[in-house]
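Working notes for the structure below.
The values are calculated or read from the model by the stated rules, or taken from the named source; none is laboratory data. Computed from a predicted model, the values in this text were never measured in an experiment. Methodologically, a virtual Cβ is constructed for each residue, glycine included, from the backbone with ideal geometry; neighbour enumeration extends over all protein chains shown. Note: accessible area is taken over every heavy atom of the protein model, side chains too, but ligands, DNA and RNA are not part of it. Shrake-Rupley method; radii C 1.70, N 1.55, O 1.52, S 1.80 Å.
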Amino acid sequence: RPRVLSGIQPTAGSFHLGNYLGAVRQWVALQESHDAFYMVVDLHAITVPQDPKELRANTRLAAAQLLAAGLDPERCTLFVQSHVPEHAQLGWIMNCLTGFGEASRMTQFKDKSAKQGADRATVGLFTYPVLQVADILLYQADQVPVGEDQRQHIELTRDLAERFNGRFGETFTIPAPYILKETAKIYDLQDPAVKMSKSASTPKGLINLLDDPKVTAKKVKSAVTDTDTVIRFDAEKKPGVSNLLGIYSTLTGTTVADLEQKYEGKGYGALKTDLAEVMVEFVTPFRSRTQEYLDDPETLDALLAKGAEKARTVAAETLARTYDRMGLLPAK
Ligand code: AQP
């Protein structure tokens, strides 16, 4: 079975619809056909300031949401990044292989540091794509299921893996991005020119899966569309409507063409009302399942410990080989 690896930050509390459709949904599907490793990336979360209590709670909350979304610890390896120290260790090695200019070209860093103010951005934020490289290479992943915003980091991973292999001999599998066209980028409901993100300029554009379903329905109904009236997919001319159609299509398994036909001659109000209903039907059981996992933190922690143990056996082997290839003296 080919191997997949991916991660999600625990920072915002609730996952948003972009995280789910862009990534987590694919993770659930891939656990059936792939040897799958999924993690809550708490070391990435601390690249920006975190309240310790909240970070701990949000890490459990992220794991609970992954299980609620359908990850099955019998079918995949689910763990917390900091439970596997090899991530930080290989991260350092990869830092020593990355050019300063190369890291400076990462657009996610540019965006995130611009939002924070360049003076406040940490060195950790600057090198977080390099830690991501280590995350992927440790598991010799063949594919990395992510949203479009992560494509550049997968490119960096490929470059560094090739560089290492070229310099020290075949060590790392060269991974490929696994990005589904339809859900590669979910857009902000109030500003369909930008991706849906936890750092949205207004909360009205962001669908948090754990929001009160009534709030979710309201956000869908007040989504920005356009002054035209036709319900048609055209990402360039009609980004708002196209975003809604894409979300609707993925959540229901109906093709966009069928939706266009269904809403022919109908107004945007009808589309939004129906999509709000679809969304509420999706988030309501998701919320209660998440709560069930949170109500039993001991079981959750035990499950994560088991996942970390499985992950470590793979990670430790890759790290040992890497150290050896580079000429680091083994401890006797
Ligand atoms: N809008 C999106 N459309 C499709 N995929 C998306 N992802 C994120 N936003 C979208 C994908 O979700 C996975 C987890 O990403 P993350 O850990 O970076 O989660 P986040 O920090 O909550 O993502 P944000 O909201 O995008 O954060 P900021 O504002 O910090 O940039 C990834 O696979 C990502 O591609």
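Observations on the structure shown:
- Test: residue in segment 77-84 that is crowded, with 18+ Cβ neighbours inside 10 Å, in contact with a Phe, Trp or Tyr (Cβ under 8 Å, 6 or more places away or on another chain) and without any contact (Cβ under 8 Å) to a residue 24 or more places away in the chain: no
- Of the numbered criteria (1) farther than 30 Å from Ala141 by Cβ; (2) within 16 Å of the ligand (Cβ to nearest atom); (3) not aromatic (Phe, Trp, Tyr), the one Ala270 fails is (2).
- Checking each residue in segment 26-42 for being more than 10 Å from the ligand (Cβ to nearest atom), surrounded by fewer than 24 Cβ atoms within 10 Å (Cβ to Cβ) and either in contact (Cβ under 8 Å) with a residue 12 or more places away in the chain or assigned to a strand (DSSP E or B) (or both) picks out Val28, Leu30, Gln31, Glu32, Ser33, His34, Asp35, Asp42.
- Test: residue in segment 170-182 that is of a type in the set (D, E, K, R) and under 16 Å from the mean Cα position of the chain (by Cα): yes
- In the set (1) among the hydrophobic types (A, V, I, L, M, F, W, C); (2) in contact (Cβ under 8 Å) with a residue 24 or more places away in the chain; (3) open to solvent by 70 Å² or more (accessible area, probe 1.4 Å); (4) away from the ligand (no atom under 16 Å from the Cβ), Ala193 fails one condition alone, (4).
- Only one of Gln116, Gln143, Gln132 that is of a type in the set (S, T, N, Q), farther than 26 Å from Phe79 by Cβ and within 15 Å of the ligand (Cβ to nearest atom): Gln116
- Condition met for Thr227 (within 22 Å of the chain's Cα centre (by Cα) and polar (S, T, N, Q)): no
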